[in-house]
1. Taking all protein chains together and a probe of 1.4 Å, list LEU116, LEU31 from the most accessible to the least accessible.
2. Residue by residue through segment 17-25, which ³J(HN,Hα) values in whole Hz follow from phi under the Karplus form 6.51 cos²θ - 1.76 cosθ + 1.60 (θ = phi - 60°), with glycine and proline marked x?
3. In degrees from 0 to 90, rounded to the nearest 10, what is the angle of the helix 79-91 Cα long axis to the longest principal axis of the chain?
4. Could you give the nm distance between label points at TRP342 and THR219, where each point is 7 Å from its Cα heading toward the beta carbon?
5. What's the FRET efficiency of LYS320 with VAL236 using the Cβ-Cβ distance as r and R₀ = 41 Å, to the nearest 0.05?
6. Could you derive backbone 3J(HN,Hα) for segment 287-292 from the dihedral phi with the Karplus parameters 6.51, -1.76 and 1.60 (θ = phi - 60°), listing whole Hz in sequence and x where the residue is Gly or Pro?
7. Out of residues 5 or more away from THR308 or on other chains, whose amide H comes under 5 Å of its own, with H placed 1.01 Å from N in the peptide plane?
8. Classify segment 175-334: rounded, prolate or oblate, from the alpha-carbon gyration tensor (a ≥ b ≥ c, eigenvalue square roots; a/c under 1.5 rounded; otherwise prolate if a/b is larger than b/c)?
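The values are calculated or read from the model by the stated rules, or taken from the named source; none is laboratory data. For clarity, every value in this text was computed on a predicted model and none was experimentally measured. In this analysis, Cβ positions are derived from the backbone assuming ideal geometry, glycine residues included, and neighbour counts consider all displayed protein chains. To get the accessible areas, we keep the full protein, side chains included, count just its heavy atoms, and leave off ligands, DNA and RNA. Shrake-Rupley method; radii C 1.70, N 1.55, O 1.52, S 1.80 Å.
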Amino acid sequence: MSLETLWLALLGLLLAGYFVLGGYDYGAQMLSPFLGSADAGPRPDTGAGAGPGAGTGTGPDGRNAALDAIAPFFLGNEVWLVAFAGVMFGAFPHLEGSLLSGLYPLIVAILAGLVLGNAAIQLRGRSRGTRAVKVWNALVVLGGALPAVCWGIVVGLLLHGVPRRADGSFHVGAGEVFGPFALTCGVATALLFAGHGAAFVALRSEPGTAAAARRIGATLLAAAGAAGALALLLSVFGAGASMTRTWTSVVLFALIVAALAAGWWYLGKGRDTLAFTATCLATALPVLLIGAGQYPYLLSASAGGGITVDDAVADGATLKVLIGFGVVIVPLILLYQGWSWWAFRGRTGRRHPSYF
């Protein structure tokens, strides 16, 4: 395997890891108003069972079941995005320059959503008034929905192709961002992340909340499948994805559909671990669809052509120097992620306290 292929695979792995791990964070944030703390347990002043906040997103003690599920992993999942950016800057500098400049408004919106969501979650836990908590809850949802939709639009633009100027630079305008295919991909990704988050909450929560998460998650995955079918229909009629490897793309799209169907099926059967495994695959496969379906292009132009792997990659000497980054940093990220999952294994309320 050449160094270029190795670094391309690592770039895709990091982005896919971010979609999987950050995806359930965003999904849980979007679902937080719909999953109260019905399983918070008895309180001295309320007794056992569900309190008045159950089903409203906030229990009588201020807890939120969806946010409790992601609490031990909160912010840690963003490490994958930082590592992805580091690899892109170092190993594919020409892609970084073209991609960030062309997608600048969407990148800013994603970062704004990250900051907004993180701040809202932290400040929500420090608020005592009912009105203040409601405001922070709304911002928590927005902080999850905005990056999810924008990442979906980015995926749609990369699959469709980005307009290229006469000087060779890439530019994305309002017409491209609000085009039918890009918007459909944005909606599909938001629904997928929300269903993925529901599967994660079902895996992590107590029985009452888990059952509600399964019902919501199954509906969301079915809706994500319908949005994906619309994106496929647009592609068939020439208004959607433009792929260089047609059969590879067909196989990968079929795998995404199969993963969505498996997630829907297992949620309905109460098989939380298998459902979450299926939604992990469904959130990771779009990254592979971009990379393998459009190879050798890393950034394709809507009129044809684009930036290939050879065009974007750094020189061989730089790639050899960067090997130390991959050998050291990536295993550390995996070890940290594995440790955190092991340390906080089990359902919320049994293995660790509430954080938010």
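1. Ranked from most to least accessible, the order is LEU116, LEU31.
2. Once θ is set to phi - 60°, the couplings for segment 17-25 become x, 5, 4, 5, 7, x, x, 6, 4 Hz.
3. 10
4. Distance between label points: 3.9 nm.
5. On the way: r = 44 Å, r/R0 = 1.07.
Between LYS320 and VAL236 the formula returns 0.40.
6. 5, 5, 4, 5, x, 7
7. LEU298
8. Details: a/c = 2.61, a/b = 1.34, b/c = 1.95.
It is oblate, given that a/c is not under 1.5 and a/b is not larger than b/c.
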